[in-house]
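Where a number appears in this text, it was derived from the coordinates with a stated rule and is not lab data. Please read all numbers here as calculations on a predicted model, not as lab measurements. FYI the Cβ positions are ideal-geometry reconstructions off the backbone, even for glycines, and counts take in every protein chain you see.
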Amino acid sequence: MSAPYVALTLDALPVRQLPTLSDWRMQLNNYLQANGGARLLTWELFQSGPLHQPSWTAIAYIRGVEYGRAFGPSQSAVKEEAARQTLAALISDRRARGYA
């Protein structure tokens with residue numbers, strides 16, 4: 001079972017905390033640490049295709065539930081995108097439960 005994928009809107013984080021394209025993993029880790037869930041995040045990383053032109057898949061899990069998944073040619077880029085999806089889903093879940 002996977003969490004719904006929700007695009008992170010600009011109002012999800014205060015302007016001073018909006019991550020750049022390469023900061024999503026750090027923002028996710030900071031968010032989890034601030035909310036007591038740093039040890040709940042796990043990753044799966046898969047490589048496919050030829051070695052000279054690999055394709056990567058990154059999957060982010062919280063408590064074993066998939067919250068983010070990304071595919072692409074760069075290991076770092078797919079982890080950033082999966083982290084972005086995970087953070088967006090966590091923030092959306094928190095808002096749906098009535099927390100700011």
TODO: Scan region 20-53 for residues that are surrounded by 13 or more Cβ atoms within 10 Å (Cβ to Cβ) and not hydrophobic (A, V, I, L, M, F, W, C) and report the count.
DONE: 7
Open item on the list: The conditions are (1) within 14 Å of Asn29 (Cα to Cα); (2) part of a strand (DSSP E or B), and Phe46 fails exactly one of them. Which is it?
Closed with: (1)
TODO: Count, please, the residues in region 63-100 that happen to be of a type in the set (Phe, Trp, Tyr) and exposed (fewer than 14 other Cβ atoms within 10 Å of the Cβ).
DONE: 1
